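A.B. asks: Please see the structure below; I have some questions.
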């Protein structure tokens, strides 16, 4: 089970859960803007973290920075439709290559068997 930790007055992070591939996420709340670090492995993951840190209904961070392109750090992006996402050119390229893939359990299992997915 994960927990949310707070450091100082304006930084929170959620601990990882390896069983469900939920990575660490971060949230920095400034006076005028809020920055989320990575989007999480699902919309549920992102929404849970946002709700527990920002503690308001229908509030989203202003910005989300993606540290890299792995699915467990980007699949929460649909939960952030009005949030500006920031990524390196390499991360953007890798995400664009993921778009045409099927993400059904069967398709993921096949890519794992082929060695193209971890």
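The values are calculated or read from the model by the stated rules, or taken from the named source; none is laboratory data. Since the model is a prediction, treat every value here as computed from it, not as a measurement. So basically every Cβ, Gly included, is an ideal-geometry build from the backbone, and we count neighbours across all protein chains shown.
A.B. asks: Considering only residues of the range 1-17 that are under 16 Å from residue 46 (Cα atoms) and surrounded by fewer than 10 Cβ atoms within 10 Å (Cβ to Cβ), which is modelled with the highest pLDDT?
C.D. replies: Here the answer is 3.
A.B. asks: Could you list, in sequence order, all residues of the range 21-33 that are modelled with pLDDT of 95 or more and in contact with a helix residue (DSSP H, G or I) (Cβ under 7 Å, 6 or more places away or on another chain)?
C.D. replies: Residues satisfying the conditions are 25, 27.
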